[in-house]
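Asker: The following block contains the structure, expressed as structure tokens.
Laboratory data are not the source of any read-out in this text; all were calculated from the coordinates shown. On a predicted model such as this, the values are computed, not experimentally measured, just so you know. So basically every Cβ, Gly included, is an ideal-geometry build from the backbone, and we count neighbours across all protein chains shown.
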Amino acid sequence: MQQAHSGVSEAPQSSIIMSQSFANDFVHIVFSTKHRQPFLHDGIRERMFAYMGGICNQFECTPIMIGGYYDHVHVLCDLSRKIALMKLVEEVKTRSSRWIKHEDEKCVDFYWQHGYAGFSVDRITMDSKINYIKNQMQHHQKIEFQPEYRLFLQENHQTWDEQYVWD
């Protein structure tokens, strides 16, 4: 009896070579302080963003732009293929929360909200997203965080329940 042959030769187990893996997964992450308290005052905000960028780097998630307002943060980064978005957000929130409490005595009661929004960004809209994050202080003179967050969710075709989206 003859065996069927697929035409593909199989290499011995010991000589299998893994090829490289590549990914560009640009994500825009948004979350607020607990109850949108304005903890991110002028003396701490930029240092907080720099600290968050360092956390992203520790997880091989290259920060592209981090910015925000008194009550929320935007993180635009290239998400590493080695970490899930949920885990990165958890690490950024936990470590930055611990840092700000030690860094500023006015922030001993600081907490981030439980949830977050995270959506992919393509290269075509990257520059406009960077400018948007960079200009948060001017931008939020015109629109408050909550209406804008709802718009952000709508633009990304998300459904939500108002009683669970805010804390």
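Asker: Would you mind calculating the relative contact order of the chain from Cα pairs under 8 angstrom and at least 6 residues apart, reporting the percent as a whole number?
Answerer: 27
Asker: Sticking with this one: Using Stokes-Einstein with the Kirkwood hydrodynamic radius over Cα pairs, what translational diffusion coefficient do you get for the chain at 25 °C and a viscosity of 0.890 mPa s, in µm²/s rounded to a whole number?
Answerer: For these conditions, the coefficient is 137 µm²/s.
Asker: What net charge is computed for the residues neighbouring Arg95, neighbours being all others with C-beta under 14 Å from the C-beta of Arg95, Lys and Arg scored +1, Asp and Glu -1?
Answerer: Residues close to Arg95 contribute a combined charge of +2.
Asker: Can you compute the modelled spin-label distance between Lys106 and Met86, with each label point 7 Å from Cα toward Cβ, in nm?
Answerer: So the two model labels end up 3.6 nm from each other.
Asker: Another question, if that's okay. With Cβ to Cβ distances under 10 Å as the rule, what net charge do the other residues near Gln113 carry (K, R +1; D, E -1)?
Answerer: +1
Asker: Same structure again: Leaving out same-chain residues fewer than 8 places away, which lysines sit with a Cα under 24 Å from that of Lys142?
Answerer: Lys34, Lys129, Lys134
Asker: Counting only other residues whose beta carbon sits under 15 Å from that of Asn24, what net charge do I get with K and R as +1, D and E as -1?
Answerer: Charge balance in the 15 Å sphere: 0.
Asker: I'd like to compare 84-94, 129-139, 60-70, 147-157: which one has the highest average count of other Cβ atoms within 10 Å, and what's the full order after that?
Answerer: Taking the mean over residues of other Cβ atoms within 10 Å, the ranking is 60-70, 84-94, 129-139, 147-157.
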